[in-house]
Each structure stands twice: as C-alpha cells, then as structure tokens.
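The values are calculated or read from the model by the stated rules, or taken from the named source; none is laboratory data. Keep in mind it's a predicted model, so treat the numbers as computed, not measured. We place every Cβ from the backbone using ideal geometry, glycine too, and count neighbours over all the protein chains shown. Surface areas here come from the heavy atoms of the whole protein model, side chains and all, with no ligands, DNA or RNA. Shrake-Rupley method; radii C 1.70, N 1.55, O 1.52, S 1.80 Å.
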Amino acid sequence: MLDTDAAAWLRQIDYFATLPEDDFHEVARSIRVRRYMAGQVIMIEGDTCEGLYVVREGRVRVYKMSPMGKEQVLRIIPACESFNDVAVFDGGPNPASADCLDDCHLGILTKADADRLLRTRPGFSAAMLRVFARRLRQLTTVIEDFAFHSVRARLARALIETADGGASHLTQRDLAELAGTAREVAGRELREMERQGVVRIGRGTTALLDVGRLERIASGG
C-alpha cells in the first residue's frame, strides 16, 4: 500500500498530478528514493542519463559548464518539481549538470521505467506532452528576457521566481548566473534596488520588500 505522505507529495508533481489511480500507483511503485547532502553532485553533463528526478525536499541547481570553466545556472528546482526530463525521453546524455543547494530528498524514475510507462500507460504519455509544452513556453519567456529585457529586469524575475517565504535564498553569484550577468553587475543592481526600498540584502538571502514593484521591474516597467 502506498504511504499517504508519499502519495500526497507525488501528486504535486506535474507528470503525476492527473494520472488515474492505477497509473499513479504504478508510477509510485517505480520511484526510487535517495538522499543527497548540500553541495553534492547529482548528475554530470554528458553522462548517461539515469532517469527523471523529482524533488521532495530541498532545492537543486541545474547548470552548464563552459570549456573555460564558467558556470551558467539554468534553473533552480524547488520541491515538487522535476528535472532531466529531456534526456529521459530523447535517449541522449544528460544535457546539464545538477547539484544540491540544500540537503535534498529526491525520487528517481529510471529511464527504463519511464520507457515502460510511456508504452503501457497513455495517461503518463499525455502528461509528458503537457509538461513539455509548458516547459517550451517557459523557455520562450527566457529567450525573450535575454533578448528584450535589461539586467535589472532579469534579476527581478530571478528574485520573484526563486522566492520562498518572502525572500530568495540564493547567493548573489547564483542570482547573477540566473540573470545571465556578472556577479559584480548583479550586486550593483541589487544594491540600487535596496536603496529604493524594493529588497533587503542579507547574508545568502535577499528579502523581497515590495513584490509589486519587483513585478513591474521584471516586466520592463
């Protein structure tokens, strides 16, 4: 019988939220649970894909590394979201690396199990298409941000999207990488927003004092 807490958590994952009960229980039986320490590497870009990861507790940083060793953060994955979807479904290697920002509790649906579910569970296939469409829409927004919005606007969006409990608990380095700029530039923009009363900068955290103003900045206003 499926643990009640586990069922409640898995039902919050996009892929599993609308599955019929039989399909959901089959997925739940296939999930393998692991714990990782803060800073521990989960997967490395270019390695063989192990599977689809879902976050139960903690936050995961997904990033790319240039040949010169420069990191670019792609996403910060909070609890109840998934990552490494593309490699699971296209059969290729991991497209990025990932490590833990906090101590993490992750579930893994192996590629073999995902392939089996795609063949035998139409509800899972439909959920996959729906989630991929949403991710494509998000990617379009990211491209638009880099093409048309200022560093300040991108930084404001990064603060909003990573906020938890009224604050973003990312370092200025991670915020800068999410916004696609240098740490020094991000620090200067954050200090200006602090001077204007929009945020308050702390050690490893940035409190959002005026979310409405941040949203206007993020939209280019």
### Message
Cβ neighbours within 10 Å, averaged per peptide: list 77-85, 36-44 in order, most packed at the top.
### Response
77-85, 36-44
### Message
Can you show me the helix-derived [θ] at 222 nm for the chain, built from DSSP H runs with n ≥ 4 at -39,500 (n - 2.57) apiece and divided by the number of residues, rounded to the nearest 500.
### Response
-13500 deg cm²/dmol
### Query
How big is D for segment 120-221, in µm² s⁻¹ as a whole number, if Stokes-Einstein is applied with the Kirkwood radius of its Cα pairs at 25 °C and 0.890 mPa s?
169 µm²/s
#### Entry: Packing rank of 123-134, 155-166, where each peptide gets the mean count of other beta carbons within 10 Å, highest leading
155-166, 123-134
#### Entry: Of the DSSP H helices in the chain, those whose Cα atoms cover at least 20 Å axially and whose Kyte score averages -1.0 or more
122-148
### Query
Just how many % of Cα pairs in segment 40-194 lie over 28 Å apart, if you round to the nearest whole percent?
24 percent
## Note on the structure
For ASP115 and GLU71, extending 7 Å from Cα along the Cα-Cβ vector and measuring point to point gives, in nm, a value of 3.3 nm
### Message
Apply the Karplus curve 6.51 cos²θ - 1.76 cosθ + 1.60, θ = phi - 60°, to the phi angles in segment 73-82 and return the couplings in whole Hz, x for Gly and Pro.
### Response
6, 9, 8, 10, 9, x, 4, 6, 10, 10
### Query
On average, how much accessible surface per residue is there in the chain, in Å², for a 1.4 Å probe, leaving out ligands, DNA and RNA?
53 Å²
